[in-house]
Amino acid sequence: MRITPCQAALAAAIAFNLLLLLCTRLASPPCRHPRGAAPAVPGAVPRAVPGVTVILRDFHGPDHDVAATARSFSSLPGVAVLVVAEVSPYPPVALPAGVTVLSLRPQPHRPPPRPELAVATRHVAFVPDGARAAPGLLRRMRDALEATADVTVRVVAVAAGRRPPRCLTLDVDIKAWTARYGHADHQSDQRGVRCGALDGAPVVLLLRSRDLFSLPFPLSRPVVTSLSLQASLRGWRFLLLLPDSFPLPSPRPPSWKTQSWLEKQHRELMDKFGIKLEVLPGGRQRWHGCTRDTPRCFGTIRAQTPQYLLEGRWTPPCCLRALRETARHVLAQLEAAGVRHWLEGGSLLGAVRSGDIIPWDYDVDIGIYRDDINKSRWLAAVSAAGRDGVEDERGFFWEKAAEGEFFRVHFSRTNRLHVDLWPFYRRDGAVMTKETWLEGHGQDVEFPERFLVPLGSVEFAGGAARAPNEPRAFLELKFGPGAVERAEYPNPRVRRLEQDL
């Protein structure tokens, strides 16, 4: 093909421009994203610059002091102020120039919130509402963080107000849904006191931005509690500087509305973290969930494996508490009525091992003589009522099970944590059998009546319970040799205990 002079000139011009563009790119410095712009790598935090971003997060209601707090800290050199809330503060407040408001609530007409893109500094500081800046104190906190040789110290704390926070230990057991606080043995040096958690007074917290945004819940409230829980799970500690403090003029005691809101916020945080029990310093317990008026913590059980086992958790402690209460009530009712009964299956296994419910079990099994059903006022009433069920004077709900010929006693009509009552009868004069056998329950087998004549006793769930007279032999018949020592989940084909130990 013949090339005309015009085509040759056009090709030369294009080649020259491409060469010029390539040289320009090679000679130019690397791109730097402006503050707040999206980084090149999805999910990455922009390159941090020196300074501190003060985050105002813990405030609520129309009586907040966000404007004055922001004004005080925004006057400091090298300090940016970020107001973070689900929605902008209301009623509207006049914030100082340069103060940024970040709404965390997704909006259908806007991109999803990316709080890590709103922070460009190497350090962040959470400041409680009403606190005031103190010259040089944020800098001293930053210097203390960077100077410490203790790699576990990731947060520096200074009191806001005259009263310092309590220095505590904290152990978060995700598997047991439990957070345990204790009084700390003060480990201190010239820089301050090292703590596992803080509580009891307002406090300013400073940490590296990269550490904050490595957390799954970086901006959850209450901030101090949230950071304490997440720090415990990572082996981080707080360095509490004493006797430094930020001014907190005229702290007001919370109104009943504010106190109610704070309690609600705390419950929501515990729910988010999957904490059902807090053991406070001194041993007092604070429970979250499993009242008579709340539904059961977990759904229908499939393949003998509750959903929480698949998440590496055991039975929530509030559920175990409710199961113990229900079991003690049912056992007392059967005993008083003269119904011959005994612990069955996994419940007997837990009793022989530890005198309690197995930590990952989700119900309690009790065998009864079918001939004794009418001796019990409540079982007789259920037999007459059919599937409607009856509620006893203490609020426990007795009903016929939908799955077959046995009974259930629930913690309440609403909370369906339950005890199963299995009616057995004699076959051929010496073997105990029943009408309903559950598929996949290998231990669900017939057994000689000699295990029940006479009945024995074991410790169970805080009291005594009737049991087969040779419980170990009974369990080995049901589960196989060595069943007492060989702990395992109900269905190892779905999940094995070794995965969580």
Checklist entry - Taking the range 77-93 as the region of interest, how many residues are out of contact with any helix residue (DSSP H, G or I) (no Cβ under 7 Å at 6 or more places or on another chain), touching a residue at least 24 places away in the same chain (Cβ under 8 Å) and open to solvent by 40 Å² or more (accessible area, probe 1.4 Å)? => result 3
Item to check | Unmet criterion (only one of (1) more than 20 Å from Thr148 (Cα to Cα); (2) in the same structural domain as Ala134 (by the TED database); (3) open to solvent by 40 Å² or more (accessible area, probe 1.4 Å)) for Leu248 | outcome: (3)
Next on the checklist: among the aliphatic types (A, V, I, L, M) and in contact with a Leu (Cβ under 8 Å, 6 or more places away or on another chain): which single residue out of Val382, Val390, Val445 fits that description?
Outcome noted: Val445
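Go through the range 448-473 and report how many residues are more than 17 Å from Val364 (Cα to Cα) and in a helix (DSSP H, G or I).
Residues in the range 448-473 being more than 17 Å from Val364 (Cα to Cα) and in a helix (DSSP H, G or I): 6 in total.
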Next on the checklist: Looking at the range 430-447, can you tell me whether even one residue there is at pLDDT below 95, out of contact with any Pro (no Cβ under 8 Å at 6 or more places or on another chain) and among the hydroxyl-bearing types (Ser, Thr, Tyr)?
Outcome noted: yes
Checklist entry - Would you say Gly282 is closer than 30 Å to Arg166 by Cβ and buried (at least 19 other Cβ atoms within 10 Å of the Cβ)? => result no
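Looking at the range 370-384 only, could you name the residues that are touching a residue at least 24 places away in the same chain (Cβ under 8 Å) and in a helix (DSSP H, G or I)?
Arg370, Asp371, Asp372, Ile373, Lys375, Arg377, Trp378, Leu379, Val382, listed by residue number.
For (1) in a strand (DSSP E or B); (2) out of contact with any Ser or Thr (no Cβ under 9 Å at 6 or more places or on another chain); (3) among the charged types (D, E, K, R); (4) outside the structural domain of Ala467 (by the TED database), each residue gets a yes or a no:
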| site | (1), (2), (3), (4) |
| --- | --- |
| Gly346 | no, yes, no, no |
| Gly350 | no, yes, no, no |
| Asp361 | no, no, yes, no |
| Ile368 | yes, no, no, no |
| Arg387 | no, yes, yes, no |
| Glu403 | no, no, yes, no |
| Val409 | yes, no, no, no |
| Ser412 | no, no, no, no |
| Tyr425 | yes, no, no, no |
Item to check | Boolean, Pro112 is free of Cβ contacts under 8 Å to residues at least 60 places away in the same chain and farther than 30 Å from Pro254 by Cβ | outcome: yes
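Among the candidates Asp271, Asp244, Asp171, which residue alone is acidic (Asp, Glu), touching a residue at least 40 places away in the same chain (Cβ under 8 Å) and closer than 28 Å to Cys319 by Cβ?
Details: Asp271 fails: touching a residue at least 40 places away in the same chain (Cβ under 8 Å); Asp244 fails: closer than 28 Å to Cys319 by Cβ.
The unique qualifying residue is Asp171.
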Checklist entry - Of all the strands (runs of 3 or more DSSP E) wholly in the range 94-181, which have at least 2 residues that are modelled with pLDDT of 95 or more and surrounded by 15 or more Cβ atoms within 10 Å (Cβ to Cβ)? => result 121-126, 153-160, 166-173
Next on the checklist: Among the residues that make up the range 229-244, is at least one of them at pLDDT below 95, in contact with a Phe, Trp or Tyr (Cβ under 9 Å, 6 or more places away or on another chain) and more than 21 Å from Ala149 (Cβ to Cβ)?
Outcome noted: no
Next on the checklist: Condition first: open to solvent by less than 30 Å² (accessible area, probe 1.4 Å) and of a type outside the set (D, E, K, R). Now tell me which residues in the range 202-217 satisfy that.
Outcome noted: Val203, Val204, Leu205, Leu206, Leu207, Ser209, Leu212, Leu215
Next on the checklist: Kindly evaluate Arg426 against the criterion of being touching a strand residue (DSSP E or B) at 6+ places or on another chain (Cβ under 8 Å), under 21 Å from Asp363 (Cα atoms) and open to solvent by 40 Å² or more (accessible area, probe 1.4 Å).
Outcome noted: no
Checklist entry - Right, Glu439: open to solvent by 60 Å² or more (accessible area, probe 1.4 Å) and either farther than 17 Å from Arg370 by Cβ or without any contact (Cβ under 8 Å) to a residue 12 or more places away in the chain (or both) or not? => result yes
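The values are calculated or read from the model by the stated rules, or taken from the named source; none is laboratory data. Computed from a prediction, not measured in an experiment: that's the story for all the values here. Cβ: placed from backbone, ideal geometry, glycine included. Neighbour counts: every protein chain shown. Ligands, DNA and RNA are stripped out before the accessible areas are found, and what is left, the full protein with its side chains, is counted by its heavy atoms. Shrake-Rupley method; radii C 1.70, N 1.55, O 1.52, S 1.80 Å.
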